[in-house]
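In what follows, a structure is listed as structure tokens, so that the remarks can point back to it.
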Amino acid sequence: APRESIVFGKVLGGSSIALVQALVFLVFAPWAGYTITFSSLIPLLLVLFLLGFGLTGLGFVMAWQMDSTQGFHAIMNLFLMPMWLLSGSFFPVSGAPAWLQFVMLANPLTYGLRALRRVLESGSVGFFNSTMDLGFTFLFSVLIFILGLWVVRKRTVI
């Protein structure tokens with residue numbers, strides 16, 4: 001199989017699983033105070049898919065270079081925990097010190113989370129108001145996919 005197919009298949013498969021898992025959590029959105037309408041469902045699915053694609057691609061890039069499952073989980077925790085904590089999910093970017101704001105704004109998860117919040121809070125209108133956030137999330141997903149292609153082409157079996 002072409003190496004591009006391996007990357008695309010693994011990342012698309014992981015993104016699909018992530019999307020199904022996110023849909024399970026969306027069932028509980030009304031209890032969190034969010035109303036999901038039919039018009040906001042498509043933008044919501046797109047944002048969730050982009051986030052899933054980018055983060056799955058990041059996991060793929062890391063996993064392809066690892067020799068053990070334990071090493072992969074350790075490295076992913078090293079990447080994902082700070083990304084999650086510094087995405088604005090616990091405290092807003094505006095309330096952080098200037099140096100931490102810089103780190104948070106360099107985090108691609110910050111933009112995906114902001115787009116997700118806008119869609120959840122204002123429906124499909126929020127989707128169209130978050131073009132910068134969607135653009136950064138899309139760019140991150142594409143760049144990680146390209147990096148995945150490069151990593152797969154680079155590594156050869158000895």
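The values are calculated or read from the model by the stated rules, or taken from the named source; none is laboratory data. No experiment lies behind these values; they were computed from the predicted model shown. Ideal geometry is used to build each Cβ from the backbone, glycine not excepted, and the neighbour counts take in all protein chains shown. Surface areas here come from the heavy atoms of the whole protein model, side chains and all, with no ligands, DNA or RNA. Shrake-Rupley method; radii C 1.70, N 1.55, O 1.52, S 1.80 Å.
How about segment 87-102: which of its residues are touching a helix residue (DSSP H, G or I) at 6+ places or on another chain (Cβ under 8 Å) and farther than 19 Å from Asp133 by Cα?
Ala96
If Gly88 satisfies all but one of (1) open to solvent by less than 30 Å² (accessible area, probe 1.4 Å); (2) in contact (Cβ under 8 Å) with a residue 24 or more places away in the chain; (3) part of a helix (DSSP H, G or I), what's the number of the condition it fails?
Only one criterion is unmet by Gly88, namely (3).
Quick check on Met76: is it open to solvent by less than 70 Å² (accessible area, probe 1.4 Å) and of a type in the set (A, V, I, L, M)?
For Met76, the condition - open to solvent by less than 70 Å² (accessible area, probe 1.4 Å) and of a type in the set (A, V, I, L, M) - is met.
Please work out if Gly33 is within 20 Å of Ser141 (Cβ to Cβ) and exposed (fewer than 14 other Cβ atoms within 10 Å of the Cβ).
In short, no.
With respect to the numbered conditions (1) in contact (Cβ under 8 Å) with a residue 12 or more places away in the chain; (2) surrounded by 12 or more Cβ atoms within 10 Å (Cβ to Cβ); (3) touching a helix residue (DSSP H, G or I) at 6+ places or on another chain (Cβ under 9 Å); (4) in a helix (DSSP H, G or I), which one is the sole condition not fulfilled by Glu121?
Checking Glu121 against (1) in contact (Cβ under 8 Å) with a residue 12 or more places away in the chain; (2) surrounded by 12 or more Cβ atoms within 10 Å (Cβ to Cβ); (3) touching a helix residue (DSSP H, G or I) at 6+ places or on another chain (Cβ under 9 Å); (4) in a helix (DSSP H, G or I), the one that fails is (3).
Listed here are the residues, each with its yes/no results for (1) surrounded by fewer than 14 Cβ atoms within 10 Å (Cβ to Cβ); (2) in contact with a strand residue (DSSP E or B) (Cβ under 8 Å, 6 or more places away or on another chain); (3) part of a helix (DSSP H, G or I).
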{"residue": "Phe8", "(1), (2), (3)": "no, no, yes"}
{"residue": "Leu12", "(1), (2), (3)": "no, no, yes"}
{"residue": "Phe25", "(1), (2), (3)": "yes, no, yes"}
{"residue": "Leu41", "(1), (2), (3)": "no, no, yes"}
{"residue": "Gly52", "(1), (2), (3)": "no, no, yes"}
{"residue": "Asp67", "(1), (2), (3)": "yes, no, no"}
{"residue": "Gln70", "(1), (2), (3)": "yes, no, yes"}
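Among Phe145, Phe72, Phe90, Phe136, which is out of contact with any Leu (no Cβ under 6 Å at 6 or more places or on another chain) and over 30 Å from Arg3 (Cβ atoms)?
From the options Phe145, Phe72, Phe90, Phe136, the qualifying one is Phe90.
So that you can scan it fast, the table gives a plain yes or no per residue for (1) surrounded by fewer than 16 Cβ atoms within 10 Å (Cβ to Cβ); (2) more than 29 Å from Ser39 (Cα to Cα):
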{"site": "Pro92", "(1), (2)": "yes, no"}
{"site": "Met104", "(1), (2)": "no, yes"}
{"site": "Thr131", "(1), (2)": "yes, no"}
{"site": "Leu134", "(1), (2)": "no, no"}
{"site": "Val152", "(1), (2)": "no, yes"}
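Quick one: count up the residues across segment 27-39 that are under 19 Å from Ala115 (Cα atoms) and outside any loop (DSSP other than H, G, I, E, B).
Counting residues in segment 27-39 that are under 19 Å from Ala115 (Cα atoms) and outside any loop (DSSP other than H, G, I, E, B) gives 5.
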